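J.: Here's a structure for you.
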Amino acid sequence: MVNFSTFGNELYTGKRSYDFVGYKKIWFLVAGIAVALSILIPIAKGGFNLGIEFRGGSEFTVSNVKTTDAALGEKAVQDVVAGSVPRVANVAGTTMRIQTDKLTDDETLQIKEGLTKAYGVTDNEVTSTFVGPTWGADVTKQALLGLAIFVGLAAVLMALYFRTWKMSLSALVGMIVTMFITAGVYGLSDFEVTPSAIIGFLTVLSYSLYDTVVVFDKIRENTSDIQASTRRTFAEEVNLAINQTLVRSINTMVVAILPVGAILFIGAGLLGAGTLRDLSLALFVGILVGTAATIFIAAPLYAWLRQGEPELVKQAKRVEQRRAEAAKTASPAAPATA
Amino acid sequence: MARTGPKNSAIRMLVWLGVLIAAMTAVLAGGTLAGQASWAPKLALDLEGGTQMILAPKVEGDSGITEEQLNQAVAIIRQRVDGSGVAEAEISTQSGRNVVVSLPGTPAKETRALIQASADMNFRPVLQAGAGAAVPEASRTPEAQLPKPTAAPANSSDQNWITPEIYKQFEALDCDNPSQDKQQRSDPTKPLVTCEPASANSPAIKYILGPVEVKGSNIKSSSFQLQRGAQGAVTNEWAVNIQFDDAGTAKFKEVTERLYQFYAAGGGQTGSDPRAQFAIVLDDQVISAPRSLAVITDGRPQITGGFTEESAKALSDQLRFGALPISFEIQSEQQISATLGGEQLRMGMLAGLIGLLLVVVYSLFQYRALGFVTVASLVIAGVLTFLAIAILGWTENYRLSLAGVAGLIVAIGQTADSFIVYFERIRDELREGRGLVSAVENGWKRAKRTILASKAVNLLAAVVLFFVAVGNVRGFAFTLGLTAIADLIVVFMFTHPTLQLLARTKFFGEGHRFSGLDPKRLGAVPLYRGAGRIRTPEDKPVAVVRAKNTGAAAEAERRMTIAERRLAEKQEQAQQAQLAGSSKSASKEGK
């Protein structure tokens, strides 16, 4: 790490180079498997662990409890609503969460009172939440709508900015891969899917695109006069661009992930479930996957989409030709190996 | 020093930034002094504690709800909540579909019922009226003397509607101490026993009302104005005007024809037959029961009598809301304790600070002294965001929620991103052998475009999230968008100008090893390599490892303009002469 800038130099000049584009088939395969798993695992597990916002019901949160005995909470609910099966969980330190089916106002007040006594807390340390059954459907609909609008607008924006649909398409594919894998990890982790998590997903999309824009900008710069150059083929230029922006990608990712990781591991670890944790898990995974997807999926895909263009095929031939000539004339100078 | 040029424009930019911050501070300070704003951002319910209800309006019959109807729904609820004496209630629309009601503390049962209840306005003829208090048990009408219907009621004003049960209910009703827990809406086809609550200038009155004759939805509009006298001169009396639609007009004409007879029969005296009165019933309570003084044929009745401007407006508003039969269904209700929110906020802040610290450490490690520019930029972005939130809290009543705080924390990373993009660009330029001053200018030209494009993506996401977001995530989207804008301001008005100035300092300009811009560490190939050695092709960092990796240094060379190349050559020669005999490390840049 001490020589991170040296590492950056070598990547920049091409002295050190990782062949991201060349191994694209491997990356695509890996991504394909990851996406397939991300779809299959949640299905195999019987769907996502949906939060109360999607299920509907009542939820109580008891702070500063004297004891974290779940049985107390269950009893407090069953005393009021006989035969109900509440979900009682210790969400963090001294906070208990009790989820039940939908309750009437009277039941809610009674259970609240019961929980206050059971856990030996004061009145304002018990909070209650009620979520109607249509709310979840609404949330889902809005999230999907948001997703569709965002993808649509982003595609237009990128097509306008890059002036080529192939870049736009590649970036969107990278984003969609990010989306699936992030959702897959979320499903695997058994975190609850709450509106905050959904927002996390949508933010991840923005991050993924953001990251792609930066790398693609460099690709565009490197390949702007590709027709006139016999130095590198198109795919090689793309690969060089990825390498040249690698240090930036890593730095950006690290800087983005540090605050998110701080929330996830420090803040939420102490606090348990809540807006912050749900959001930060989605972001944490999404930023990692998003950065990788740009490097391994979006950019190689773009190279692959374009390298078949007749102009670029011709250009690649010229590059080979020049290299063959160069090899003939300068053969004694044996290439140095790093 | 030239009057124009990067240095002066950099200074100008920094001055403008200072002006911007000073102006925002002044605005906020002014607001604070005037007692309207406060330095601390307003906190949302999840941090302050309270109750939040999300209500879905349901319009009778009609499937969709227009924005105007939604705004009226908000007005209805606001009026109800304000009427119930809850301070600082917040009622807003969400996503053009829902109404969000946020109340501090836990609302009383009555307040909740009030909020949920649909506005249901009807016009019913009065059958009987009486003083508001309950008739004492002892003096109630004996069973045998209770009014008994003699025939089926012929019209809504027919006394035959009054059954013994209804009369008993009427006598027992106590309008001075009304009970609030009405669960069921009254049946519009049956008579209703209800109260007109006491107001400033009249005691409570109780009524037996006939079935509904005109519905609130038949009201086209209502207004209030100063009454005109016989000569058309404006009097001091306030009046409320109603305009019915066609169906309402026809029905109202029929009703007033009947009611006017009772009025005329009573000799037009106050305290005459109560059946001349026509009660306006909102949510099963009588809000006004004017006497019918004439037959209204044009569907434009005017209600007069003892109104103040305020009460006339209130009735007019109620009538208008009544024209809109909206009911509300609670979709989600949340009681939030400030304890929990406060705890989350504290932890969130702690996590944010740790995150910020890590970012600072990382950027100092990666960018050395340049990292301080990042830190300073982050601080300025933070100040701008804070001022914006506090000002918006004052002007737009924006409240910072926990999700908003999360947005701010996430934004730390995203803000630092644009600096990384910029710094890496400068380093790229240095690697290509440029001097720092021109590397900063060239790097900026390229980075600017990238930063703008990527921030556009961020803003797009924030805007989409803001408009389609549900629940408490609007705050997140809002702060995300806000910080994206603050970031742009900082990059353009602080980071870049600062670098322009720093590039001219000895420390950075000469590429001190801790400056983060040390060309040697960046592997830049200086245009001269020590005494007597001129750059030769072998010096290219691009060892031909593999043919396809041929270096970017050549590319850099190619990119130089003729002028730049000439200048470089000149500098080489000059420095060669200067450095002849010197054995200093040759990493200095010619200026």
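The values are calculated or read from the model by the stated rules, or taken from the named source; none is laboratory data. Not measured: the values here are computed from a predicted model. We place every Cβ from the backbone using ideal geometry, glycine too, and count neighbours over all the protein chains shown.
J.: Given A:D101, A:D105, which one is more than 10 Å from chain B (Cβ to nearest Cβ), over 26 Å from the mean Cα position of the chain (by Cα), under 30 Å from A:F130 (Cα atoms) and not polar (S, T, N, Q)? Write out each step before concluding.
T.: Values: A:D105 fails: more than 10 Å from chain B (Cβ to nearest Cβ).
Residue meeting the stated conditions: A:D101.
J.: Can you tell me which of B:R3, B:R80 is modelled with pLDDT under 70, of a type in the set (D, E, K, R) and over 30 Å from B:L502 (Cβ atoms)? Let's see the steps before the verdict.
T.: On the way: B:R3 fails: over 30 Å from B:L502 (Cβ atoms).
Residue meeting the stated conditions: B:R80.
Here's the yes/no breakdown for (1) under 23 Å from A:G184 (Cβ atoms); (2) facing chain B (nearest Cβ under 9 Å); (3) in a helix (DSSP H, G or I):
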| residue | (1), (2), (3) |
| --- | --- |
| A:E10 | no, yes, yes |
| A:A31 | yes, no, yes |
| A:L37 | yes, no, yes |
| A:L40 | yes, no, yes |
| A:E53 | yes, yes, yes |
| A:V65 | no, no, no |
| A:A71 | no, no, yes |
| A:K75 | no, no, yes |
| A:Q78 | no, no, yes |
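J.: Something else about it: Hey, could you check the range A:121-152 for residues that are acidic (D, E) and modelled with pLDDT of 70 or more and say which is surrounded by the most Cβ atoms within 10 Å (Cβ to Cβ)? Even if it seems obvious, please write down each step before you answer.
T.: Step one: of the range A:121-152, the residues acidic (D, E) are A:123, A:125, A:138.
Imposing the further condition that a residue be modelled with pLDDT of 70 or more reduces the set to A:123, A:125.
On the way: A:D123: 10, A:E125: 20.
Here the answer is A:E125.
J.: Tell me yes or no: at least one residue of the range A:81-95 is surrounded by 17 or more Cβ atoms within 10 Å (Cβ to Cβ) and in a helix (DSSP H, G or I).
T.: No, because not a single residue in the range A:81-95 is surrounded by 17 or more Cβ atoms within 10 Å (Cβ to Cβ) and in a helix (DSSP H, G or I).
J.: Keeping to the range B:430-442, report how many residues are under 15 Å from A:T6 (Cα atoms) and either assigned to a helix (DSSP H, G or I) or touching a Cys at 6+ places or on another chain (Cβ under 8 Å) (or both).
T.: Final tally of qualifying residues: 2.
J.: Tell me, please, whether a residue that is under 23 Å from A:I33 (Cβ atoms) and not in a helix (DSSP H, G or I) can be found in the range A:179-191. Even if it seems obvious, please write down each step before you answer.
T.: Step one: of the range A:179-191, the residues under 23 Å from A:I33 (Cβ atoms) are A:179-191.
Remaining after also requiring not in a helix (DSSP H, G or I): A:190-191.
So far as the range A:179-191 goes, yes, one or more of its residues are under 23 Å from A:I33 (Cβ atoms) and not in a helix (DSSP H, G or I).
J.: Going by what's in this entry, would A:L160 be described as farther than 14 Å from A:V285 by Cβ and out of contact with any Pro (no Cβ under 9 Å at 6 or more places or on another chain)? Steps first, please.
T.: Values: farther than 14 Å from A:V285 by Cβ: yes; out of contact with any Pro (no Cβ under 9 Å at 6 or more places or on another chain): yes.
In short, yes.
Table: residues versus (1) at the interface with another protein chain (Cβ under 9 Å from one of its Cβ atoms); (2) modelled with pLDDT under 80; (3) farther than 23 Å from A:I199 by Cβ.
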residue: B:Q344; (1), (2), (3): yes, yes, no
residue: B:L356; (1), (2), (3): yes, no, no
residue: B:Y362; (1), (2), (3): yes, no, yes
residue: B:L370; (1), (2), (3): no, no, yes
residue: B:I391; (1), (2), (3): no, no, yes
residue: B:G443; (1), (2), (3): no, no, yes
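J.: Taking the condition aromatic (F, W, Y) and either part of a helix (DSSP H, G or I) or buried (at least 24 other Cβ atoms within 10 Å of the Cβ) (or both), does A:F284 pass? If you could, list the steps in order and put the result at the bottom.
T.: Working: aromatic (F, W, Y): yes; either part of a helix (DSSP H, G or I) or buried (at least 24 other Cβ atoms within 10 Å of the Cβ) (or both): yes.
It is true that A:F284 is aromatic (F, W, Y) and either part of a helix (DSSP H, G or I) or buried (at least 24 other Cβ atoms within 10 Å of the Cβ) (or both).
J.: Right, next: Among the residues of the range B:29-45, are any crowded, with 16+ Cβ neighbours inside 10 Å, part of a loop (DSSP other than H, G, I, E, B) and of a type in the set (A, V, I, L, M, F, W, C)?
T.: Quick first cut of the range B:29-45, residues crowded, with 16+ Cβ neighbours inside 10 Å only: B:31, B:37, B:41-45.
Imposing the further condition that a residue be part of a loop (DSSP other than H, G, I, E, B) reduces the set to B:37, B:41-42, B:44.
With the extra rule that they be of a type in the set (A, V, I, L, M, F, W, C), the set shrinks to B:37, B:44.
Checked the range B:29-45: at least one residue is crowded, with 16+ Cβ neighbours inside 10 Å, part of a loop (DSSP other than H, G, I, E, B) and of a type in the set (A, V, I, L, M, F, W, C).
J.: Kindly check whether there is at least one residue in the range B:411-429 that is buried (at least 23 other Cβ atoms within 10 Å of the Cβ), more than 7 Å from every other protein chain (Cβ to nearest Cβ) and touching a strand residue (DSSP E or B) at 6+ places or on another chain (Cβ under 9 Å).
T.: No, every residue in the range B:411-429 fails to be buried (at least 23 other Cβ atoms within 10 Å of the Cβ), more than 7 Å from every other protein chain (Cβ to nearest Cβ) and touching a strand residue (DSSP E or B) at 6+ places or on another chain (Cβ under 9 Å).
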